[in-house]
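Worksheet: the structure to be examined is printed underneath.
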């Protein structure tokens, strides 16, 4: 069966970019790009440990669009849409719902919450994908965050350089650098084939503007759960000047059991990485617990 013969999901958001479609090999039924973005019948199967909120966001959400899990940093979700929807997403119960994006009044409330807490040193923009904001809207948000004097670091979590790299325009980069604060961009990539020439150019635009890039990866069965693929991915990130940061254990979101790799196998893969790749190419293998307490290293 072709990987393009997917099973539409009526419960979770779906979307694919032209860029990703070009990366999918329709002759390979196990294509790792298709597996990440095209729905399958396996999503209808639920495992006993699966949760609608698998990392406990709601436990630490004082306001709509905010997660305040750690004293010195807060996660802000201005939009809950993505350019393409990962089938293993831990927020798959909420992403793709337009009503969950922030209205101007809700954004005002979120920024007031941050302003009132001098201990907040870092703001993380996530979602959804915050880089789906237009350059004008992103610049306006960055400048409002720039007014919060206690905030020193802005971190943006995105898949856009991977799934639709042409959208990383000079205008978008200029919007990110409108702030005087230190800006980091965390790029999510799971397979070396995702790191295309177009993605390299998108990342270079960010790097040349002085923005350091971090790499986030989810350990996924049938995508990157072998040492050869994982090593190639980490090396390719470093070659693009993306520092591997986290290797995430796949979270138990509903309908994602077919993606999860046993933790023992993940630890064995990390032991292999320590033997085969440079220290600058090694991420930290982490698990996000359902209690909302945050990430903990697994090795």
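Checking each residue in segment 72-88 for being modelled with pLDDT under 95 and surrounded by fewer than 21 Cβ atoms within 10 Å (Cβ to Cβ) picks out only 81. Condition first: within 17 Å of residue 251 (Cβ to Cβ), surrounded by fewer than 22 Cβ atoms within 10 Å (Cβ to Cβ) and touching a strand residue (DSSP E or B) at 6+ places or on another chain (Cβ under 9 Å). Now tell me which residues in segment 189-225 satisfy that. Those that are within 17 Å of residue 251 (Cβ to Cβ), surrounded by fewer than 22 Cβ atoms within 10 Å (Cβ to Cβ) and touching a strand residue (DSSP E or B) at 6+ places or on another chain (Cβ under 9 Å): 216, 225. Residue count for segment 89-103 satisfying the condition of being at pLDDT 85 or above, surrounded by 18 or more Cβ atoms within 10 Å (Cβ to Cβ) and more than 16 Å from residue 14 (Cα to Cα): 1. The number of residues in segment 114-144 that are more than 15 Å from residue 65 (Cβ to Cβ), part of a loop (DSSP other than H, G, I, E, B) and out of contact with any strand residue (DSSP E or B) (no Cβ under 7 Å at 6 or more places or on another chain) comes to 5.
In the set 25, 53, only one residue is over 22 Å from residue 252 (Cα atoms), out of contact with any strand residue (DSSP E or B) (no Cβ under 7 Å at 6 or more places or on another chain) and in a loop (DSSP other than H, G, I, E, B); that residue is 25.
Taking the criterion of being part of a loop (DSSP other than H, G, I, E, B), in contact (Cβ under 8 Å) with a residue 60 or more places away in the chain and either in contact with a helix residue (DSSP H, G or I) (Cβ under 8 Å, 6 or more places away or on another chain) or surrounded by 16 or more Cβ atoms within 10 Å (Cβ to Cβ) (or both), would at least one residue in segment 226-245 satisfy it? No, every residue in segment 226-245 fails to be part of a loop (DSSP other than H, G, I, E, B), in contact (Cβ under 8 Å) with a residue 60 or more places away in the chain and either in contact with a helix residue (DSSP H, G or I) (Cβ under 8 Å, 6 or more places away or on another chain) or surrounded by 16 or more Cβ atoms within 10 Å (Cβ to Cβ) (or both).
From 185, 277, grab the single residue that is in contact with a helix residue (DSSP H, G or I) (Cβ under 7 Å, 6 or more places away or on another chain), farther than 30 Å from residue 41 by Cα and surrounded by fewer than 22 Cβ atoms within 10 Å (Cβ to Cβ).
277
For residue 299, the criteria (1) modelled with pLDDT of 95 or more; (2) over 20 Å from the mean Cα position of the chain (by Cα); (3) assigned to a loop (DSSP other than H, G, I, E, B) hold in every case but one, which is (1). Please verify whether residue 19 is touching a helix residue (DSSP H, G or I) at 6+ places or on another chain (Cβ under 8 Å) and at pLDDT 90 or above, treating the condition exactly as stated. The answer is yes for residue 19.
When you look at residue 55, is it under 18 Å from residue 258 (Cβ atoms), under 18 Å from the mean Cα position of the chain (by Cα) and in contact (Cβ under 8 Å) with a residue 12 or more places away in the chain, yes or no? For residue 55, the condition - under 18 Å from residue 258 (Cβ atoms), under 18 Å from the mean Cα position of the chain (by Cα) and in contact (Cβ under 8 Å) with a residue 12 or more places away in the chain - is not met. Taken together, the residues in segment 70-113 that are more than 23 Å from residue 52 (Cβ to Cβ) and either under 13 Å from the mean Cα position of the chain (by Cα) or assigned to a loop (DSSP other than H, G, I, E, B) (or both) amount to 4.
The values are calculated or read from the model by the stated rules, or taken from the named source; none is laboratory data. What you see is a predicted model; the values in this text were computed from it and never measured. Note that each Cβ is placed from the backbone with ideal geometry, even for glycine, and that neighbours are counted across all protein chains shown.
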